[in-house]
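This report concerns only the one structure given below.
What follows draws every value from the coordinates through simple rules; no lab data is involved. Computed from a predicted model, the values in this text were never measured in an experiment. When we count neighbours, we look across all protein chains shown, and the Cβ atoms used for this are built from the backbone with ideal geometry, even at glycine.
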Amino acid sequence: MDAQDLSGFPLRLEGDAVPMVSFRKVTKSYGSLVVLDSLDLDVAEGEMVSVIGPSGSGKTTVLRMLMTLETINGGVIYVDGEPLTHMPRGDRLVPADSRHLRRIRAKIGMCFQQFNLFPHMTALENCMEGPVHVLGLSKKEARERSEELLAMVGMTEKRDQHPSRLSGGQQQRVAIARAMAMRPKVMLFDEVTSALDPEVIGEVTNVIRKLVAEHNLTMLMVTHQMGFAKDISDRVCFFYGGRIEEQGTPDALFGHPKRERTQQFLSAVREAI
Amino acid sequence: MSYLEFLGQYGDRILSGTLVTVLLTVLSSVLAIAIALVTGLMRLSPNAVLRGIATVYIEIFRGTSLLVQLYWIFYVLPLFGVTLEKFTAGFVAVGMNLGAYGAELVRGAILSVPRGQWEAALALNMTPARRMIRVILPQAVLIMLPGWGNLLIELLKGTALVALIAVADLMFQVKQINGTTFLSAETFGTALIIYYVIARFMITPFMRWLERAMQRKLGRA
């Protein structure tokens, strides 16, 4: 991380409505290529925010930075009021050490485009792995928690199968259960339906609908499923060139996009369908 | 003397040499695997000192002759106060040498575990050590097994050099027999066949079995 002046950033966010996730002037670049340019984005507790935009617009990077899979070059990310990328030392912020990262990261879960289940473990073992080996739950507790979640995603019958024996949609449902088993406050979905055959997309989106309905989770979702984003989001952000070009309620953004680039993108997407 | 008479007379010594060779192979393999694992992981460490030590180790043991290393361990180390019994010196030299080759196998296999697996383990908030032990290594083992099959055969053949420090292995015994009988074709022919049989009918099937067992664990078989 480049040396930067962090004096303007609070040590923690306080007040009545502290956002669950807050990006403050976050910049990410690879060499001279700026992927995210001074991004400001707040996500309230329990809010479902969809991120759309053309490829290369920086939308996946937003999730990856929040999951600490990518470092940031400038700004601060806060989770649940506390800085994630930094930690307070005395009266100033310094880059977070691995201990701090682990503590804050525990609040975040993520599902990936390619599922990334552990191939040497069954569906149930995939779900139990984190609770047993990271949270320190007993095997019995972890098993109960995992079985409950596998039931929620409709995978009880396949719980003893290895991922290689599961379809893409089934693997993604297990991956959602695995992430939920860690009891995160924030869930990140990174194009979770992009690698799926069209006929099984519904089984995954239905699980996400269920999460929205039944849990008070804060969610950030990068997606190409415009219809799905429109249905379930509280807010939609359209990314273009590393910035939020336009954001609003699904009705406003999809029904009456104000910016020309949003209109172009949405009409291009509609043509593709 | 017919070949059967030859076997009748010298079979005991050939058998005892074979057992020593097998024992050497097993002990060297265990040592080589342990060294390969530790050195391979050190090569991937974020710590530059650990990386440096591993690199130097691999360069020395891969870049110089096994025979010279064997002589060093047996004849030179005592000058520094470290005296190893010849059998020990033998399997330590072979194990350390092949361990250096194995380290690169371990490193390569770990690096070829898909990136998504590392990321999923991080997303579950695993510590780097736990991620390596629970997620990456089990998958890396399957990737590196075919390479280890080759390496263990190399190792078996490498053990023949310990005859040169008078460890009574198969090679040592047949050399002795040849020295008194001059039946070179019978003695070295028998040794040739025994080495081949150990490699082809013991090591290779064992590695295949291991591969299948690992694949079953991944639900692929």
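Below are the figures for this structure:
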item	result
Per-peptide average of other Cβ atoms within 10 Å, ordering B:26-32, B:196-202 highest first	B:26-32, B:196-202
Filter on A:Lys210/A:Lys258; A:Lys185/A:Lys258; A:Lys139/B:Lys217 - keep pairs with C-alpha separation over 22 Å	A:Lys210/A:Lys258; A:Lys185/A:Lys258
Spin-label model distance (nm) - B:Ile193 vs B:Leu111, 7 Å beyond Cα toward Cβ	4.5 nm
Radius, Kirkwood style, for chain A when every pair of distinct Cα atoms is counted (Å)	19.5 Å
Helix B:3-43 axis, angle to chain B major axis (alpha carbon atoms, nearest 10°)	20 degrees
Span from the segment A:216-273 Cα centroid across to the segment B:134-177 one, whole angstrom	61 Å
Bins of 10 Å, starting at 0 and running to the largest distance - Cα pair percent for segment A:27-171	9, 30, 31, 23, 6, 0
Residue-averaged beta-carbon neighbours from other chains (10 angstrom radius) around A:134-141	1
Estimated 222 nm signal from helices in chain A, with DSSP H stretches of n ≥ 4 weighted -39500 (n - 2.57), rounded to 500	-10000 deg cm²/dmol
Extension gain from B:Leu15 to B:Thr88, taking 0.36 nm per residue of separation minus the Cα-Cα distance	24.2 nm
Unit charges on C-beta of K, R, D, E only; dipole of the protein assembly as shown, Debye	680 debye
Leading residue at positive end of dipole, segment B:3-217 (Cβ point charges), from B:Leu151, B:Ala163, B:Tyr195	B:Leu151
Inverse of mean 1/r across different Cα pairs in chain B, Kirkwood, Å	19.3 Å
Rounded Å value of the spacing that divides the Cα centres of segment B:94-114 and segment A:153-203	34 Å
Dipole in debye (nearest 20) - chain A, about Cα centre, beta carbon charges: Lys, Arg +1; Asp, Glu -1	500 debye
Neighbour-count order for B:Ser65, A:Ser50, fewest beta carbons within 10 angstrom listed first	B:Ser65, A:Ser50
Charge dipole (the protein assembly as shown, unit charges on Cβ, about Cα centre) - positive-most of A:Gly81, A:Gln263, A:Asn126	A:Asn126
Distance between segment B:37-67 and segment A:56-98 - C-alpha centres, whole angstrom	35 Å
Measure of compaction for the protein assembly as shown (Cα Rg per 2.2 N^0.38 Å)	1.30
Under 13 Å from A:Lys230, Cα to Cα: aspartates and glutamates that are on another chain or at least 8 residues apart	A:Asp251
